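**Q** This is the structure, below, for whatever I ask next.
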Amino acid sequence: MTKSIFIDGAAGTTGLEIAERLAGRDEFTLIALDDAKRKEVAAKREALNDADFVILCLPDDAAKEAVAMTTSASTRIIDASTAYRIDPDWAYGFAEFRLGQRERIASARLVSNPGCYPTGFLGLIAPLVAAGWLPADWPYTVNAVSGYSGGGKALIQRFEGEGADIGYRSYGLDLAHKHVPEMQTHAGLIHPPIFAPAVVRAFRGMVVEVPLPLSAMTEAGSADALRAALAAHYAGSPVVKVHSEAAPSELLMHADQAPSDRLDLYVLASPDGSQVRLIAMLDNLGKGASGAAVQNLNIMAGLDETAGLRLS
């Protein structure tokens, strides 16, 4: 049976990429509002309540307004904003990171899409903390770089506009980035991680790194144990791959790389095993945004969760 979908914020980068992944699929029909009606409250309210599924690609406050307008108990919502990511009434839309999460998403009416940086961090840390291979009370640090598309139209213009010469942009310098509570909560950590995000001159892509001084972490497992634990946790996943190589020569993020909905994880150790770099690579617009939304939609609709995803 065909399900109807309304993407609120369909003109933005995330919304456009969700629509691309849904193009040609006969399981869904898109409810579209023309430019004249997109800002009409009555038209938007009708679309929100008529749809079987709503995907919100909006700023936090606008997402909250849209949720409040959706009074139909049969409309199921996926929210791509930060608004509900640590709300216990919403299922966290990262199916792989915790046992039972896929089942919770499948039965939920309200699903919050994870942030792009947290997807990399949690993909690495959450299973290891839950299994006792890493301590919950360690002061973790997260170093990450992202393509500039994650910053929306304003940041895209800064990198692509006339006279733009930015090569690297570090931000979140007040140590109060909105993704930190999401990372801490879903990893089950005692302390908020120190998060150092940056943007580079690449349209899409992301590298998230968590360095670990294992020799100082008496409760932590060895590098081999951490790699094996991640491999076991994600065994059989069509989306998440744990790489077995101990020391690749380099990891590259290309300026013009193709879209991808994969999540690649690495555990890289020093020769004596005393230090480890946990590294996640993903597309900030793929598994970090649009791809995750489509995967969650598939799960909620009872379909093959990889339908429409780009995994090659």
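**Q** Which residue out of 247, 231, 235, 220 is at pLDDT 95 or above, surrounded by fewer than 23 Cβ atoms within 10 Å (Cβ to Cβ) and part of a loop (DSSP other than H, G, I, E, B)? It would help to see each step written out before you state the result.
**A** Details: 247 fails: at pLDDT 95 or above; 231 fails: part of a loop (DSSP other than H, G, I, E, B); 220 fails: at pLDDT 95 or above.
Sole residue among the options that is at pLDDT 95 or above, surrounded by fewer than 23 Cβ atoms within 10 Å (Cβ to Cβ) and part of a loop (DSSP other than H, G, I, E, B): 235.
**Q** List the residue pairs whose Cβ atoms are under 7 Å apart, where the first residue sits in the stretch 220-241 and is in contact (Cβ under 8 Å) with a residue 24 or more places away in the chain and assigned by TED's automatic domain parsing to the domain that holds residue 136, the second is of a type in the set (Phe, Trp, Tyr) and not in a loop (DSSP other than H, G, I, E, B), and the two are 6 or more positions apart or on different chains.
**A** Pairs found: none.
**Q** Taking the stretch 231-271, which residues are in contact with a His (Cβ under 8 Å, 6 or more places away or on another chain) and among the charged types (D, E, K, R)?
**A** The answer is 264, and nothing else.
**Q** Further, regarding this structure: Criterion first (closer than 24 Å to residue 285 by Cβ, in the same structural domain as residue 14 (by TED's automatic domain parsing), in a strand (DSSP E or B) and at pLDDT 95 or above) does residue 67 satisfy it? Reasoning before the result, please.
**A** Numbers: closer than 24 Å to residue 285 by Cβ: yes; in the same structural domain as residue 14 (by TED's automatic domain parsing): yes; in a strand (DSSP E or B): no; at pLDDT 95 or above: yes.
So residue 67 does not fit the description; no.
**Q** Further question on the same structure: Among (1) exposed (fewer than 14 other Cβ atoms within 10 Å of the Cβ); (2) of a type in the set (Val, Ile, Thr); (3) at pLDDT 95 or above, where does residue 279 come up short?
**A** (1)
**Q** Right, something else. Would you confirm, using the coordinates I've provided, whether residue 86 is within 21 Å of residue 10 (Cα to Cα) and aliphatic (A, V, I, L, M)? Let's see the steps before the verdict.
**A** Values: within 21 Å of residue 10 (Cα to Cα): no; aliphatic (A, V, I, L, M): yes.
No: the conditions fail for residue 86.
**Q** Related question: For the stretch 36-57, indicate whether the set of residues that are under 23 Å from the mean Cα position of the chain (by Cα) and assigned to a helix (DSSP H, G or I) is non-empty.
**A** no
**Q** Would a scan of the stretch 256-273 turn up a residue that is touching a residue at least 60 places away in the same chain (Cβ under 8 Å), in a loop (DSSP other than H, G, I, E, B), farther than 25 Å from residue 8 by Cβ and not charged (D, E, K, R)?
**A** No.
**Q** Within the stretch 123-160, can you find the residues that are hydrophobic (A, V, I, L, M, F, W, C) and part of a helix (DSSP H, G or I)? First the steps, then the outcome.
**A** Going residue by residue through the stretch 123-160, those that are hydrophobic (A, V, I, L, M, F, W, C) are 124-126, 128-131, 133-134, 136, 138, 142, 144-145, 154-156, 159.
Scanning the stretch 123-160 gives 124, 125, 126, 128, 129, 130, 154, 155, 156, 159.
**Q** Restricting attention to the stretch 37-62, which residues are without any contact (Cβ under 8 Å) to a residue 40 or more places away in the chain and either crowded, with 17+ Cβ neighbours inside 10 Å or in contact with a Pro (Cβ under 9 Å, 6 or more places away or on another chain) (or both)? Step through it out loud before you land on a result.
**A** Taking the stretch 37-62 and keeping what is without any contact (Cβ under 8 Å) to a residue 40 or more places away in the chain, we get 37-46, 49, 59-61.
Residue satisfying the conditions is 44 alone.
**Q** Could I ask something else about it? Does residue 149 qualify as being crowded, with 22+ Cβ neighbours inside 10 Å, touching a Leu at 6+ places or on another chain (Cβ under 7 Å) and at pLDDT below 95?
**A** Details: crowded, with 22+ Cβ neighbours inside 10 Å: yes; touching a Leu at 6+ places or on another chain (Cβ under 7 Å): yes; at pLDDT below 95: yes.
Judged against the criteria, residue 149 is a match.
**Q** Can you find a residue that is of a type outside the set (D, E, K, R), surrounded by fewer than 18 Cβ atoms within 10 Å (Cβ to Cβ) and not assigned by TED's automatic domain parsing to the domain that holds residue 197 anywhere in the stretch 110-124? Give the derivation first.
**A** The initial filter retains those residues of the stretch 110-124 that are of a type outside the set (D, E, K, R), namely 110-124.
In the following step, the residues that additionally are surrounded by fewer than 18 Cβ atoms within 10 Å (Cβ to Cβ) were identified as 110.
Checking the rest, the ones that are also not assigned by TED's automatic domain parsing to the domain that holds residue 197 come to 110.
Taking every residue of the stretch 110-124 in turn, at least one turns out to be of a type outside the set (D, E, K, R), surrounded by fewer than 18 Cβ atoms within 10 Å (Cβ to Cβ) and not assigned by TED's automatic domain parsing to the domain that holds residue 197.
**Q** For the stretch 195-216, how many residues are surrounded by fewer than 14 Cβ atoms within 10 Å (Cβ to Cβ) and in contact with a Pro (Cβ under 8 Å, 6 or more places away or on another chain)?
**A** Qualifying residue count, the stretch 195-216: 0.
The values are calculated or read from the model by the stated rules, or taken from the named source; none is laboratory data. Fair warning: this is a prediction, and the values are worked out from it, not measured in the lab. Positions of Cβ are backbone-derived with ideal geometry, glycine not excepted, and every protein chain shown enters the neighbour counts.
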